[in-house]
């Protein structure tokens, strides 16, 4: 930094400026001296140049003097009509630079062939060959690299700088946002808009069954009703021997089994029995006792002599969306997958280890059969 001392006089403080002014004065005197040496008066030369420009003085060279009156009138007219100054566009040239140009390209135009010549940059059709120029495609960035463009995320309420929101589950329906957007084309903001949950359900190949521990042994008339005798080989009687017996009348409970005898139908049937290589026809007791499970009112028919009669056929359903869940169900049971409820209408085993379960959507009423293999299993990304 240069700073002047307060005790210096004017010449000491501004000596550099005085030197510069002196140099300029000397330069001006030198120029004037040179012009006078060559016999040219500077003022006369300036006046002569001005007269030549205005046309008042010209040499006798056969060229007529040009009148500036018409040009002056045109300039005045244009000045009156032009109310504002129009600035040149980015592609327009000026007295220092020419118009901005680009080379003609073919694009998608099949009717014309590109000439490749330099054409105005703002034209959509080449001025030389009339070829339509390719439309410039705007590149949409994906700043967070989640597979969704920045503009799309901004328009749909997601953060273009947060990759985690693409794999989140905004509506809580079990499907990630990006799967709903790109794969399933469902609304990732609407919990009711999603693929069918049953696409991700499969059934274990083995069925599980519960049976009645006792069986129908015999019967005898009791007044206008029947006394029916049941035997449970899994329990001991009052004397410690294997096999506990029950003998209720129709309408009574069957001991402590949790069942009630609802009805009894006496029935005999001719059957062919083969023993020792010999066959003979005999009359067989095929009477039926209908018993009711008191817990849920389920009716189970027991045939005389038939043991281990099935009561419940159970299947294991596996839901493989996200963290896998298992449901052990019987006919009439209900399961909930996220916010959708289903009832088990039927369980069947048409072939060994080929379990089929019919499920009914309690919201839509639509029924669907699922088997041992799900349609697809896509775990929800966390």
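Numbers below:
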item	result
Stretch gain in nm, segment residue 249-residue 326, where the contour uses 0.36 nm per residue and the Cα spacing is subtracted	23.5 nm
Cα point-scatterer Debye curve for region 213-308, base-10 log of I(q)/I(0) at q = 0.17, 0.21, 0.25 Å⁻¹	-0.78, -1.04, -1.28
Cα gyration tensor of region 247-290 - equivalent ellipsoid semi-axes, whole Å, descending	33, 12, 6
Shape metrics for region 102-187, restricted to C-alpha atoms - Rg then Dmax, Å	20.7, 60
Mean Cα-pair separation over length for region 213-308, i.e. relative contact order, pairs under 8 Å, 6 or more apart, %	24 percent
Region 137-190 - convex hull of alpha carbons, volume per residue in Å³	77 Å³
Share of alpha-carbon pairs per 5 Å distance bin for region 221-371, given as whole %	2, 7, 12, 14, 12, 12, 12, 11, 9, 5, 3, 1, 0
Net lengthening on full extension, residue 208/residue 354 (0.36 nm per residue, minus Cα-Cα)	51.3 nm
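Computed from the coordinates by the stated procedures, all read-outs in this text should not be read as laboratory data. Since this is a predicted model, take the numbers as computed values, not measurements.
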